[in-house]
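Worksheet for the structure shown next.
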Amino acid sequence: MEQGNKRPDNMKRITTAALANAFIDEQVKALREQIGDKKVLLALSGGVDSSVVAALLIKAVGNQLTCVHVNHGLLRKGEPEQVIEVFRNQLGANLVYVDAVDRFLDALAGVSEPEQKRKIIGKIFIDVFAEEARKLDGISFLGQGTIYPDILESHGVKAHHNVGGLPEDMRDFELVEPVKLLYKDEVRVVGKALGLPDSMVYRQPFPGPGLGVRCVGAITRDRLEALREADAIVREEIGKLPVTPWQYFCAIPDIVSTGIKYENGKGVRYMGWAVVIRAVNTVDAVTATVPEIPFSVLCTMRDRIVKIPGVNRVLWDISEKPVATIEWE
Ligand code: XMP
């Protein structure tokens, strides 16, 4: 592991506002030293990691930061709109919105191997950034919301796209990764201390490759749309619980099973997808347990999800990590 990517053994876990403020002061100083009067381009997905990085960078270097939100077509329902609203309209950030949906989905067509999918998404992501950077004058740094589990797990388990060097033609850019040694729970404490709204700080984590690793196997646009709709339903219904799980979402395997629909009073057999509901609790995503979800809530979700075109079955994933990982891919 690279020297700067190893969390020092004596680094205290950030659990309080005081520890978070100390971390922020230290990072703001370090960022100012690293960046000087140069410009930074930040991948802003809208998740807690990149939002916290954006807030840290705004605090450190203000409008020397340009945020780029890439819509890769694998985002959750309503998410690109929300990123624009919060960052451009409310926080006044310098935000460039890039619609790259066709580019990503065309490149992913027919690709079923999970790591290959991650690599394609990661590569196009970098390409898009390179293109955006070239359109902007004098960018020297690339900000990233890499966190510590990304670094740990990129050594063997999954190729997280936000870890790893830049391609040769982007050697001019230096990486700025102020939260790369933090665990997820620490990033939230820091976000809160930075004054970010709760809706952002406590937002559930969402993988960089997004719905891409939940639309299991080769992604098709119709199955991806069904997944996006199901995901919105699950977020809405489980989100109403008094205590929400750490992460809750859907996966949609690349299988069909027999269903029946009634046309003019006559039952017709047809093949449809199965949506899998997944909810987990964890502190650091290294292990995870499955919370109880009231059966009535599961039924409400089922009744809504089976109305999505192409879906005829709803499953509840009770697997813990280990043996299962949190994501299906
Ligand atoms: P797993 O599936 O490895 O997930 O148990 C652990 C946590 O990491 C997230 N995850 C990812 N995040 N890029 C990311 O940025 C990825 O490729 C990726 N894969 C999984 C997952 O959502 C969970 O929170």
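Selection of first residues in the range 79-98 that are buried (at least 16 other Cβ atoms within 10 Å of the Cβ) and of second residues that are at pLDDT 85 or above and basic (Lys, Arg), restricted to Cβ pairs under 7 Å at least 6 apart or on distinct chains, gives the following pairs, ordered by first then second residue: 95/88.
Touching a Leu at 6+ places or on another chain (Cβ under 7 Å) and within 26 Å of residue 191 (Cβ to Cβ): is that true of residue 227 in this structure? Against the criterion (touching a Leu at 6+ places or on another chain (Cβ under 7 Å) and within 26 Å of residue 191 (Cβ to Cβ)), residue 227 does not qualify.
Considered as a group, the residues in the range 302-329 that are among the β-branched types (Val, Ile, Thr) and within 12 Å of the ligand (Cβ to nearest atom) include one that is farthest from residue 229 (Cα to Cα), and that residue is 323.
The set of residues from the range 10-56 being over 16 Å from residue 179 (Cβ atoms), in a loop (DSSP other than H, G, I, E, B) and basic (Lys, Arg) comprises just one member, 38. Taken as a whole, the structure places residue 135 among residues that are under 17 Å from residue 64 (Cβ atoms) and out of contact with any helix residue (DSSP H, G or I) (no Cβ under 7 Å at 6 or more places or on another chain).
Here residue 284 fulfils each of the conditions (1) modelled with pLDDT of 95 or more; (2) within 16 Å of the ligand (Cβ to nearest atom) apart from (1). From the residues in the range 114-129 that are touching a Lys or Arg at 6+ places or on another chain (Cβ under 9 Å) and more than 19 Å from residue 68 (Cβ to Cβ), which one is surrounded by the fewest Cβ atoms within 10 Å (Cβ to Cβ)? The extreme case among them is 115. Kindly indicate whether residue 187 is within 16 Å of the ligand (Cβ to nearest atom), modelled with pLDDT of 80 or more, part of a helix (DSSP H, G or I) and of a type in the set (A, V, I, L, M). Here the answer is yes, as residue 187 does meet what is asked. Are any of the residues in the range 255-269 within 16 Å of the ligand (Cβ to nearest atom) and either under 24 Å from residue 153 (Cβ atoms) or not assigned by TED's automatic domain parsing to the domain that holds residue 150 (or both)? No, there is no match, as no residue in the range 255-269 is within 16 Å of the ligand (Cβ to nearest atom) and either under 24 Å from residue 153 (Cβ atoms) or not assigned by TED's automatic domain parsing to the domain that holds residue 150 (or both). Looking for something touching a residue at least 60 places away in the same chain (Cβ under 8 Å) and farther than 30 Å from residue 22 by Cα - is there at least one such residue anywhere in the range 193-209? Yes, the range 193-209 contains a residue that is touching a residue at least 60 places away in the same chain (Cβ under 8 Å) and farther than 30 Å from residue 22 by Cα. Looking at 2, 33, 79, 85, can you tell me which residue is at pLDDT below 95, over 23 Å from the mean Cα position of the chain (by Cα) and of a type outside the set (Val, Ile, Thr)? It is 2.
Considering only the range 6-22, I want to know if a residue exists there that is under 30 Å from residue 103 (Cβ atoms) and either of a type in the set (Gly, Ala, Ser) or touching a residue at least 12 places away in the same chain (Cβ under 8 Å) (or both).
No, there is no match, as no residue in the range 6-22 is under 30 Å from residue 103 (Cβ atoms) and either of a type in the set (Gly, Ala, Ser) or touching a residue at least 12 places away in the same chain (Cβ under 8 Å) (or both).
Restricting the range 287-297 to residues that are surrounded by 14 or more Cβ atoms within 10 Å (Cβ to Cβ) and under 24 Å from the mean Cα position of the chain (by Cα) leaves a set whose member that is nearest to the ligand (Cβ to nearest atom) is 288.
The values are calculated or read from the model by the stated rules, or taken from the named source; none is laboratory data. Bear in mind that the values here come from a model prediction, so they are computed numbers and not experimental data. In this analysis, Cβ positions are derived from the backbone assuming ideal geometry, glycine residues included, and neighbour counts consider all displayed protein chains.
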